[in-house]
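Below: one structure, written as structure tokens.
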Amino acid sequence: MSGATSTRFFRQAATVATVTISLAAGFSMPAGARPLVAQQLVRMSAGDNARWADPALDDSSWPEVRFQDVPEVPGIVILRARVPLEARHIVQGRPTGVFLAALASCELAWDGAVIGRSGRPAPTAGREIPGPVQAHWVIPERLATAGEHALALRCSAHHRHFHPHMGYWALLAGEYDALLSAVRGSARFALASLSAMAMVGLFALVLFLADRRDRSFLLLGLVCLSGGALLLAESWRTVFGYTYDWHFVRLLVVTALAALLNLAIVGFVLVRFPGRSVRKVIVALGAGLCLALAAPGWDTKAVAMFIVGLTLAIGWVIRAVRRREHGSLPALTGLAVTLAALLWRPAEFTDLTLYFAIDFLLACLLVAHALQLRRFRREHEEVLVRSARLEIELLRKHIQPHFLMNTLTALSEWIEQDPAVAVGLIDSISHEFRLLGRIADQALIPLGEELDLCRTHIEILSRRRDRQYELRVEGTDARDLVPPAVFHTLVENAITHDESKQERIILTLSAAPEGERVRYVFTAPSAGSASPGAEGTGMRYIRARLQESLGDDWSFAAGPAEGLWRTEITIPRRRT
């Protein structure tokens, strides 16, 4: 896929992710939703009681506690309360109901009548059947009247598998449809966000499979998919439901996905905005996530993980902003807003704010990615133009009229004097132009082909000048990859600027490995002011070709040394 197509897609995806927030806000609560009664205080008694549902039972001596503060009790616990229903909580022609959210199995009675069961409470774990973490029941119409009502719960909780900070969450009464809307309101935000995340995530992974060199696509896909999975796990309780014995497993999944999402966010900014100290950031992230696991409470663990991950990501992107890297400012904005939302209301972050925060963060990361893709596309186009110019320059250097005129003149003389030598010269010229045509559009070629081109050119000029030129090589490996015509240009310069009267001229090329790099040294006879390393067309071509093929990962130096002209070129060692 082209860079232009990818840029257009990411711009559209960023728009989708941003608009999702507005759409989700419209889905949250139906118009005209009626108020509910949230029961805050209950009277509690540990142990079973045959009269637990009887409205006439005197429970005045029982301790009164907040519903959310009901402690973990072995066996059966009885909870009773007086619920004041007003006319505004009741709609004629519509059912009235009760909603319960708790890590327990419960029976619920309203004015003495058992109207619902969540699992089967029992004094022992073997006899208990775990109930769903969220349950809602319809109050019989004859009992759904304005006034005070007796509500009683008979509960047990033998299958929690851990000791939660809060085992009883909510006890609501009111219009049944309003109960459902209030309970499922936050889930609508998650589901509205999920489709955009899944689409962008899957597309990013497809782009990674198409070009596995760019790991940012993999990490962007991982951000989207892990964020979507986290939203799905957070909303699973409301949308799909499960029995309370599975709540511990869900908490483990949520915590693991929170860690994965923060790893993906930090990994994405490390790859998208490369720099030094990457290992230090990774070590700090690992240590921070491990410390977050020691935080009390599962929501606190997730919040601590986000604080660690977002803080490290922000610190890294700030460096990119200072370097004015493309896309760094939108990425910083998304990360900063997400962290601000977390610190603003940490208790609500994983339940509600997370849906908006991840959407906004994803939109900003997409914008940042699109800006960088646009920059990469422009750089690629510039490289193509520069490469085309180098190809033209390479061919122009070898089809210049002066070279052709001298070569054809020498060829005509050899045809008259020695036809066999003339045929050999024609073969050499043909071979050189075939090699030039094959390598002109390549960024790197095997050193063996480059040396073949050099020796062919030497053969042509030796016959044309009627002098003997020789290229000696030492320590070279024909499999090593080098930019095309670089050493050929050095050979051509050395012979072109040769003003000596010697009949035999020795040129040398040696290679010395230096770890993951290789240093090439080329020497030729020095001719004073007409030095073969003078900064002319040839030297400019060499620098341009090195830059085009290797970026900034090379070094080039030339100068006189012990009566010779010495050129050193150091490049990364790559092989076919």
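Taken together, the values in this text are just the output of simple stated rules run on the coordinates, not laboratory data. Since the model is a prediction, treat every value here as computed from it, not as a measurement. Positions of Cβ are generated from backbone atoms using ideal geometry, with glycine treated the same way; all protein chains shown enter the neighbour counts.
Taking R0 as 60 Å, what FRET efficiency do you get between Asp477 and His165 from their Cβ-Cβ distance, rounded to the nearest 0.05?
Values: r = 66 Å, r/R0 = 1.10.
Computed FRET efficiency for Asp477 and His165 comes out at 0.35.
Packing-wise, with mean Cβ within 10 Å as the measure, how do 223-235, 297-309, 199-211 rank, highest first? Present the calculation step by step, with values, prior to reporting the outcome.
Numbers: 223-235: 23.6, 297-309: 21.1, 199-211: 17.5.
Listed from highest to lowest mean packing, they are 223-235, 297-309, 199-211.
With +1 assigned to the C-beta of every Lys and Arg and -1 to the C-beta of every Asp and Glu, and no other charges, what is the dipole magnitude of the stretch 272-354 about the Cα centre in debye, to the nearest 20? Working shown, then result.
Numbers: 10 positive and 4 negative charges, 131 e Å.
I would put it at about 640 debye.
Given N residues in the stretch 166-296, what is its alpha carbon radius of gyration divided by 2.2 N^0.38 Å?
On the way: Rg = 18.4 Å, N = 131, 2.2 N^0.38 = 14.0 Å.
Taking N as the residue count of the stretch 166-296, the ratio is 1.31.
Ranking Trp344, Trp52 by Cβ neighbours within 10 Å, fewest first, what do you get?
Numbers: Trp344 10, Trp52 20.
In increasing order of surrounding Cβ atoms, one gets Trp344, Trp52.
For the stretch 37-180, what's the relative contact order in percent, using C-alpha pairs closer than 8 Å and at least 6 residues apart?
Answer for the stretch 37-180 is 36 percent.
By count of other Cβ within 10 Å, fewest leading, how are Val253, Val98 ordered? Before the final figure, lay out the partial values.
On the way: Val253 17, Val98 25.
In increasing order of surrounding Cβ atoms, one gets Val253, Val98.
Would you be so kind as to identify which of Asn49, Ala173, Ala157 lies farthest towards the positive end of the dipole of the stretch 37-180, taking Lys and Arg as +1 and Asp and Glu as -1 on Cβ and the Cα centre as origin?
Selected residue: Ala157.
R0 = 60 Å: FRET efficiency of Arg94 with Phe556, Cβ-based, nearest 0.05? List each step's numbers first, then the result.
On the way: r = 83 Å, r/R0 = 1.39.
Once rounded, the FRET efficiency stands at 0.10.
Quote to one decimal, in nm, the extra length available between Thr496 and Arg574 on full extension: 0.36 nm per residue of separation minus the C-alpha distance between them.
On the way: separation 78, 0.36 × 78 = 28.08 nm, distance 3.06 nm.
Using 0.36 nm per residue and subtracting the Cα-Cα distance, I get 25.0 nm.
Can you order the peptides 147-153, 43-49 by their average number of other Cβ atoms within 10 Å per residue, highest first?
Values: 147-153: 18.9, 43-49: 16.0.
Averaged packing, sorted descending, gives the order 147-153, 43-49.
What FRET efficiency comes out for the pair Arg250/Glu503, r = Cβ-Cβ distance, R0 = 60 Å, nearest 0.05? Mind showing how you got there, number by number?
Numbers: r = 88 Å, r/R0 = 1.47.
Taking R0 as 60 Å, the efficiency between Arg250 and Glu503 is 0.10.
Using the Cα centre of the stretch 37-180 as the reference point, and only Cβ charges (+1 on K/R, -1 on D/E), how large is the resulting charge dipole? Debye, rounded to the nearest 20.
Details: 13 positive and 15 negative charges, 51 e Å.
Result for the stretch 37-180 is approximately 240 debye, rounded to the nearest 20.
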